[in-house]
Amino acid sequence: MRAGWLGDLFRRAGRSLHGMDERAGEVAILDVTAVVAGGEGLARDADGRVTFVAGALPGEQVRVAIRQRKKDFARATVLEVLRPSVERVGEACRFVAEGCGGCDWQHVAPGAQRRLKAEVVADALRRQAHLEIEVGLGPELPADGYRTTVRGVSVDGRFGFRTRKTHDAVAVGPCLVAHPVLHEVIAEGSFPAGDIVLRAGARTSERLAIVAGQGTGVVVPEGVRVVSDHELRHGRRAWYHEEAAGRRWRVSARSFFQARPDGADALVDAVRNAVGAEPRGHLVDLYGGVGLFAGSVEGFEHVTLVEQSRSSVADAKVNLADRSPRIIQADVAHWGTARADVVVADPPRTGLGPPGVRAVTNTQADRVVLVSCDPAALGRDAKLLGTAGYRLHEATLIDLFPHTSHVEVVSRFDRG
Ligand SMILES: C[S@@+](CC[C@H](N)C(=O)[O-])C[C@H]1O[C@@H](n2cnc3c(N)ncnc32)[C@H](O)[C@@H]1O
């Protein structure tokens with residue numbers, strides 16, 4: 001089985017795979033034993049040195065091109081799969097062969113992706129925090145047609161995704177993972193040069209296109225709102241609505257919202273379970289966004305939401321008007337703190353880090369529910385929380401992003 005897109009890449013660069021073979025030290029045959037954070041396969045070369053292999057699965061023997069050599073490890077890309085895993089499948093989308101960088105795990109059978117991701121998370125917790133825990137599997141969500149926000153770039157006026165590891169882009173349409181409510185915009189939209197963000201409410205069908213520069217010359221299907229970076233910088237507001245966890249959410253152009261509403265439902269369920277049902281005093285929702293958890297976790301007398309983005313805070317005030325929580329626009333690291341019973345924290349990819357962990361532990365909460373989107377950051381945060389006296393009791397993978405190696409994990413830590 002040959003990795004076609006890489007061959008294409010080399011052919012386009014005017015070099016053959018055969019020519020690559022002749023460059024001493026750049027090609028190797030490796031046995032892959034595991035997958036690691038970032039979705040790459042892990043193998044060891046003849047000297048025992050770790051090699052991270054993009055596009056390889058555990059149990060496979062692969063012929064690889066070494067892309068990068070460091071003192072302690074190397075990075076490689078699959079040229080040919082000599083012994084495929086039973087979990088390897090052909091890519092479901094033709095744009096992968098053209099280099100589209102949107103999905104890095106289309107070669108993994110959808111049924112195996114959640115299990116492999118749980119192994120990646122368990123491995124990160126073992127390596128970084130010395131914790132042995134079985135990572136639970138959340139509900140299986142549809143693998144195709146789910147993303148309600150897609151970030152791309154104009155390719156000769158059409159919507160495209162950036163290619164893997166290059167600065168090129170490839171026009172797509174239809175996109176396997178984009179929600180159907182966006183298909184028409186992707187297929188028919190015409191955009192000026194630069195970045196494009198398409199967003200939609202899957203359950204409201206409201207659509208929003210955020211385009212580069214002044215936004216002149218945009219053509220989109222009827223009903224799609226268009227706003228340019230220039231207009232947003234000069235104070236124009238634009239938003240769409242989504243429904244999730246039994247509520248309606250206003251989401252402004254620059255505000256974060258979970259990538260799919262059924263995923264938001266699943267995350268809220270997992271967070272509610274981890275928080276527990278008994279009534280308590282004060283819930284603090286750190287990195288609260290437009291209010292998803294503050295608005296859907298019940299049973300607290302007071303709720304405080306801390307969020308840095310002005311746009312998200314404005315949305316949260318509208319979305320949570322019926323609950324009257326305290327909404328604080330601040331960097332979590334510099335938030336003034338308050339005693340809390342439970343903290344829910346959903347930081348960006350970088351994780352809590354020492355400042356975020358300090359903010360959490362300053363509340364003296366008995367329970368911390370951490371929502372993490374990066375296994376390495378989770379491993380490091382679990383270690384920091386452990387040092388601060390919080391013990392990890394459970395971790396559940398919610399697979400929001402099938403066909404990619406991205407993970408989302410809800411973990412429960414209790415003090416003492
Ligand atoms: C992964 S999102 C989670 C949002 C929300 N919990 C949800 O589920 O919709 C992370 C949020 O943290 C905010 N954020 C990032 N860094 C922050 C910081 N240092 N302090 C406060 N908020 C921050 C972002 O603006 C974003 O809204």
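General observations
- Exactly one residue among 413, 401 is among the aromatic types (Phe, Trp, Tyr) and open to solvent by less than 10 Å² (accessible area, probe 1.4 Å), and that residue is 413.
- In the condition set (1) open to solvent by less than 70 Å² (accessible area, probe 1.4 Å); (2) under 24 Å from the mean Cα position of the chain (by Cα), residue 235 is compliant with all but (2).
- Selection within segment 54-67 - under 24 Å from residue 127 (Cβ atoms), modelled with pLDDT under 95 and open to solvent by less than 70 Å² (accessible area, probe 1.4 Å): 54, 55, 66
- Residue list for segment 196-236, filter: among the basic types (Lys, Arg) and touching a residue at least 24 places away in the same chain (Cβ under 8 Å): 199, 203, 207
- Residue in segment 303-325 that is under 30 Å from residue 145 (Cβ atoms) and in contact with a Pro (Cβ under 6 Å, 6 or more places away or on another chain) present: no
- Subset of segment 11-40 that is modelled with pLDDT under 90 and within 32 Å of the chain's Cα centre (by Cα) - its residue that is surrounded by the most Cβ atoms within 10 Å (Cβ to Cβ): 37
- Failed item in (1) under 17 Å from the mean Cα position of the chain (by Cα); (2) within 18 Å of residue 128 (Cβ to Cβ); (3) among the charged types (D, E, K, R); (4) away from the ligand (no atom under 11 Å from the Cβ), with residue 383 passing the rest: (1)
- Counting residues in segment 353-362 that are touching a helix residue (DSSP H, G or I) at 6+ places or on another chain (Cβ under 7 Å), within 23 Å of residue 147 (Cα to Cα) and either within 15 Å of the ligand (Cβ to nearest atom) or of a type in the set (Phe, Trp, Tyr) (or both) gives zero.
- Here residue 46 does not qualify as modelled with pLDDT of 90 or more and either part of a loop (DSSP other than H, G, I, E, B) or not assigned by TED's automatic domain parsing to the domain that holds residue 123 (or both).
- Taking the criterion of being β-branched (Val, Ile, Thr) and either more than 16 Å from residue 248 (Cβ to Cβ) or surrounded by 18 or more Cβ atoms within 10 Å (Cβ to Cβ) (or both), the residues of segment 292-325 that qualify are 297, 303, 304, 306, 313.
- Residue within segment 162-174 that is at pLDDT 95 or above and over 21 Å from the mean Cα position of the chain (by Cα) present: no
- From the options 331, 366, 341, residue that is open to solvent by 40 Å² or more (accessible area, probe 1.4 Å), at pLDDT 95 or above, farther than 21 Å from residue 126 by Cβ and within 12 Å of the ligand (Cβ to nearest atom): 331
- Of all residues in segment 245-271 being of a type in the set (A, V, I, L, M) and in contact (Cβ under 8 Å) with a residue 60 or more places away in the chain, the one that is nearest to the ligand (Cβ to nearest atom): 267
- Residues in segment 272-320 that are charged (D, E, K, R), within 10 Å of the ligand (Cβ to nearest atom) and in a helix (DSSP H, G or I): 310, 315.
- Test: residue 391 is surrounded by 18 or more Cβ atoms within 10 Å (Cβ to Cβ) and out of contact with any Pro (no Cβ under 6 Å at 6 or more places or on another chain): no
- Against the numbered list (1) away from the ligand (no atom under 13 Å from the Cβ); (2) touching a helix residue (DSSP H, G or I) at 6+ places or on another chain (Cβ under 8 Å), residue 242 comes up short only at (1).
For every residue, the table says whether it meets (1) touching a strand residue (DSSP E or B) at 6+ places or on another chain (Cβ under 7 Å); (2) outside any loop (DSSP other than H, G, I, E, B); (3) open to solvent by 30 Å² or more (accessible area, probe 1.4 Å); (4) not assigned by TED's automatic domain parsing to the domain that holds residue 406.
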| site | (1), (2), (3), (4) |
| --- | --- |
| 103 | no, no, no, yes |
| 116 | yes, yes, no, no |
| 120 | yes, yes, no, no |
| 126 | no, yes, yes, no |
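- Entry remark, segment 129-159: residues being without any contact (Cβ under 8 Å) to a residue 24 or more places away in the chain and surrounded by 16 or more Cβ atoms within 10 Å (Cβ to Cβ) number 1 in total.
- Of all the residues in segment 260-288, those that are open to solvent by 10 Å² or more (accessible area, probe 1.4 Å) and touching a Ser or Thr at 6+ places or on another chain (Cβ under 6 Å) number 1.
- Every residue from segment 216-230 that is over 16 Å from residue 148 (Cβ atoms), open to solvent by 60 Å² or more (accessible area, probe 1.4 Å) and not in a loop (DSSP other than H, G, I, E, B): 219
The values are calculated or read from the model by the stated rules, or taken from the named source; none is laboratory data. None of the values given here were measured: they were computed from a predicted structure. Ideal geometry is used to build each Cβ from the backbone, glycine not excepted, and the neighbour counts take in all protein chains shown. Keep in mind that these areas ignore ligands, DNA and RNA; they rest on the heavy atoms of the full protein, side chains included. Shrake-Rupley method; radii C 1.70, N 1.55, O 1.52, S 1.80 Å.
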